[in-house]
1. Cα extents of the stretch 65-126 along the three principal axes, largest first, in whole Å?
2. Using only alpha carbon pairs under 8 Å that are at least six residues apart, calculate the relative contact order of the stretch 103-173 and give it in whole percent.
3. Please say if the stretch 127-179 is rounded, prolate or oblate, where rounded means a/c under 1.5 for a ≥ b ≥ c the square roots of the C-alpha gyration tensor eigenvalues, and otherwise the choice is prolate for a/b larger than b/c and oblate otherwise?
4. Using 0.36 nm per residue, how much length does the chain from residue 40 to residue 118 gain when fully extended, once their Cα-Cα distance is taken away?
5. For the stretch 46-184, just say rounded, prolate or oblate: build the C-alpha gyration tensor, square-root its eigenvalues into a ≥ b ≥ c, call rounded for a/c under 1.5, and beyond that prolate if a/b exceeds b/c, oblate if not.
6. Once you have the Cα-Cα distance between residue 76 and residue 152, take 0.36 nm times their residue separation minus that, and quote the gain in nm to one decimal.
7. Modelled label-to-label distance, residue 134 and residue 173, 7 Å Cα→beta-carbon offset: nm?
8. What does the highest-first list of 77-84, 134-141 look like by mean Cβ count within 10 Å?
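Only the coordinates and a few stated rules stand behind these numbers; no lab work does. Only a predicted model underlies this, so the values are computations on that prediction, with no experimental measurement involved. Positions of Cβ are backbone-derived with ideal geometry, glycine not excepted, and every protein chain shown enters the neighbour counts.
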């Protein structure tokens with residue numbers, strides 16, 4: 001039996017080299033972009049912290065983050081349930097579970113769509129409207145405090161940059177490397 005003694009850094013370097021060899025090009029460890037400099041790392045890290053903050057506040061109010069988001073996504077004239085999932089970035093099974101819980105708590109009513117008998121519209125009940133107001137006030141309050149801390153110019157640049165990023169990501173095909181193009 002052969003004993004292998006290798007530390008994590010060496011193992012990572014080996015992994016990177018094997019990965020690069022598999023792609024038929026060589027890259028050294030120093031050429032890899034540090035994680036903290038990637039857009040996705042900073043977006044995910046910031047969103048995770050913000051989501052924890054919202055989750056804790058939602059929990060204090062007796063709801064979940066997904067319920068709060070659903071409350072903010074339901075329009076006054078009702079929203080087709082099929083449009084809520086994509087709007088919220090939720091899978092149908094998770095959305096169904098969330099809506100069922102909201103219905104059980106008396107936050108929403110589901111009614112047939114008068115214009116389309118196959119569709120169901122989701123409406124806020126008076127309790128749902130009150131809960132929505134609380135959720136909106138929470139989001140607006142946190143955003144105002146963040147704006148004060150970041151400054152108006154930074155906030156404007158951040159929002160413009162994120163809107164541009166979202167626009168770019170609507171058609172991500174042009175971001176993918178060409179078959180013969182090496183990105184490292």
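1. Largest first, the stretch 65-126 extends 31, 25, 18 Å along its Cα principal axes.
2. 19
3. oblate
4. Stretched out fully, the residue 40 to residue 118 stretch lengthens by 24.2 nm.
5. Because a/c hits 1.5 or more and a/b fails to exceed b/c, the stretch 46-184 counts as oblate.
6. Result for the pair: 24.3 nm of gain on full extension.
7. 4.7
8. The peptides rank, most packed first, as 77-84, 134-141.
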